[in-house]
1. Against the condition at negative phi, touching a residue at least 40 places away in the same chain (Cβ under 8 Å) and either among the small types (Gly, Ala, Ser) or buried (at least 17 other Cβ atoms within 10 Å of the Cβ) (or both), how does B:Thr150 come out, does it pass?
2. Here are A:Ala192, A:Ala186, A:Ala145: which of them is part of a loop (DSSP other than H, G, I, E, B) and over 30 Å from A:Leu89 (Cβ atoms)?
3. Could you list, in sequence order, all residues of segment A:50-90 that are at pLDDT 90 or above and of a type in the set (Phe, Trp, Tyr)?
4. Evaluate segment A:30-45: report whether one residue or more is surrounded by 15 or more Cβ atoms within 10 Å (Cβ to Cβ) and within 14 Å of chain B (Cβ to nearest Cβ).
5. Quick one: B:Leu162 ticks every box in (1) touching a residue at least 60 places away in the same chain (Cβ under 8 Å); (2) closer than 24 Å to B:Ile84 by Cβ; (3) hydrophobic (A, V, I, L, M, F, W, C) except a single one, so which number is it?
6. Quick check on A:Val161: is it crowded, with 24+ Cβ neighbours inside 10 Å, in contact (Cβ under 8 Å) with a residue 40 or more places away in the chain, in a helix (DSSP H, G or I) and within 19 Å of the chain's Cα centre (by Cα)?
7. I need a count of the residues in segment B:115-169 that are part of a strand (DSSP E or B) and over 30 Å from B:Ile217 (Cα atoms).
8. Could you tell me which numbered condition A:Gly130 fails, if it satisfies all but one of (1) out of contact with any helix residue (DSSP H, G or I) (no Cβ under 8 Å at 6 or more places or on another chain); (2) modelled with pLDDT of 90 or more; (3) within 30 Å of A:Ala164 (Cα to Cα)?
Amino acid sequence: MTLLEWLTDPANWTGPGGIPVQIAYQLFYTFLSLAIASVIAIPLGIFIGFTGKGEAIVAGSANALRALPTLGLLILLFLVLAPWIAGQLVFVVPTIIVLVLLAIPPILTGTYTGIQSADEAAVDAARGMGYTRTQILWRVQMPCALPLLISGLRGSTLQVVSTATVAAYVGLQGLGRYIIDGRAQADFAQMAGGALLVALLALALELLFSILGRVLVSPGLRRTTRRRRPQPTDTATAALTTLTAAR
Amino acid sequence: MRKLTLTVLSAASVIAALALSGCATGDQALSGGDAGGSPGEEIVIGSADFSESQLIATIYSLALQDAGVEVREQFNIGSREVYIAALQDGSIDLIPEYSGALLKHFDPESKASTSEDVVDELSDALPEGIEMYDISEAQDKDILAVTEDTATQYDLETISDLEPVASELILGGPAEWVTRVNGVVGLRDVYGLEFKEFVSLDAGGPLTMTALLNGQIQVADVFSTDPALTANNLVALEDDKSLFAAENIVPVIASAKSSDTVQETLDAVSAALTTDALIEMNGKAAEGTSLGEIAREWLDSAGL
């Protein structure tokens, strides 16, 4: 059986082990992990970006998290947690934990660097207009941080949606089922089909995020507009720029 | 807009690449040299993806090296479905096998269950280019194990006893069991067992054992040579309809790489190997002793 035959076989698209069901499982693991990671990483990132405290420690440990081998950690967690968690949850909990650990660093980094790199001029202007520090955070720094936050979320999503295939290693469902079963059963069309579906799902989510970025981010902050901005539009601005540079 | 075009373009290229490579996979499992042996003089030894298979492969490897044969180790390949294909296309030359399971691989209809019957049928069933040496008396069968509590609760002694309660129980085993005759398929066809669920874990490894002991699965595929069986008072259900045939350890080799030296060396290993020795060595492996050390120690004690 070839890859195309596997993908177009109606039998693979129906039933409890069918492609739509496995995609739903894959998305369920992905979004559950992303939601938990966001609840942890976004407030923490705001705190670090706002106060400047703990950046070295948190950023350092978040980066160390990236180096953890997901599959090894998954098996270790399963073996350690099995006596403490009853029923089928024992397969789900370690999987979600490793995916959350994978998702945290990009979101955290995106949030605090976003807040820190908010345009100084905008912050100064807000302060001049009498904004309090909290108002500056929510009305100026957060909107300015949004592009980086979203790109952090996007990075996490891509990593998590493709890594969620490890769920199948501990008996769970998801697109990893095709990859692991295909290998064990020497059904390489199934294996390649699973890998292809994961890639397509990642690309679909990527598309979703670029649309999301367009809808959520203020037009003034979009990278494309910003890239065009440095060109002075009239002689007055040009003169001003030259003056500032000369001083 | 540019980003969108880029995404669509990259999607298209991924599909194209995968479709091309997928079409080529067809029937051939792994590409390599011609059927019947890798090129060159050295013997490539493979193993399955569980510790006992790697242990026996290590023993073969050390024994052959001691006999002056040039070897290369290519362990931890995967399931039988994968490594037999690798043996047939010459990616590997030698692998330790289990007679009954190998027979079922080539002849799913086979009813042979004793060591002698299995060997007789197996030597006929082996495809051209592959041969087997003498079997060892050492055996390691797949067994269905339950905890003592489960056995008492449902009054289980044989696999047949599972029939009325299977729909309440979860079975755990390796992913290849889903499609195997001596796995989920045979349990359904021969014993009429429909479990509540099958959970894909590992081949008699730590995941399966942990899940069984902690009750996440109630019935597990484990190996009869696993010392954890007695250590945890597990009950091995009797295979009263002989689904799982005799599983003597046997070296299977590409004919092109077979020679008198190799045969004499491996026959001597098979003659010395016993089931008890396997259980003992598996115990040491589970404690973390390196396979090379265990294999060397056994070879020394067996005088090989």
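The values are calculated or read from the model by the stated rules, or taken from the named source; none is laboratory data. Source: prediction; values computed, not measured. Every residue, glycine as well, gets a Cβ built from its backbone with ideal geometry; the counts of neighbours run over all protein chains shown.
1. Spelling it out, B:Thr150 is indeed at negative phi, touching a residue at least 40 places away in the same chain (Cβ under 8 Å) and either among the small types (Gly, Ala, Ser) or buried (at least 17 other Cβ atoms within 10 Å of the Cβ) (or both).
2. Going through A:Ala192, A:Ala186, A:Ala145 in turn, just one is part of a loop (DSSP other than H, G, I, E, B) and over 30 Å from A:Leu89 (Cβ atoms): A:Ala186.
3. Matches in segment A:50-90: A:Phe78 only.
4. No: segment A:30-45 contains no residue that is surrounded by 15 or more Cβ atoms within 10 Å (Cβ to Cβ) and within 14 Å of chain B (Cβ to nearest Cβ).
5. (2)
6. Values: crowded, with 24+ Cβ neighbours inside 10 Å: yes; in contact (Cβ under 8 Å) with a residue 40 or more places away in the chain: yes; in a helix (DSSP H, G or I): yes; within 19 Å of the chain's Cα centre (by Cα): yes.
Against the criterion (crowded, with 24+ Cβ neighbours inside 10 Å, in contact (Cβ under 8 Å) with a residue 40 or more places away in the chain, in a helix (DSSP H, G or I) and within 19 Å of the chain's Cα centre (by Cα)), A:Val161 qualifies.
7. Start the filter on segment B:115-169 by keeping residues that are part of a strand (DSSP E or B), which leaves B:130-132, B:139, B:142-146, B:158.
Next, only the ones that are over 30 Å from B:Ile217 (Cα atoms) stay: B:130-132.
Qualifying residue count, segment B:115-169: 3.
8. All conditions are met except number (3).
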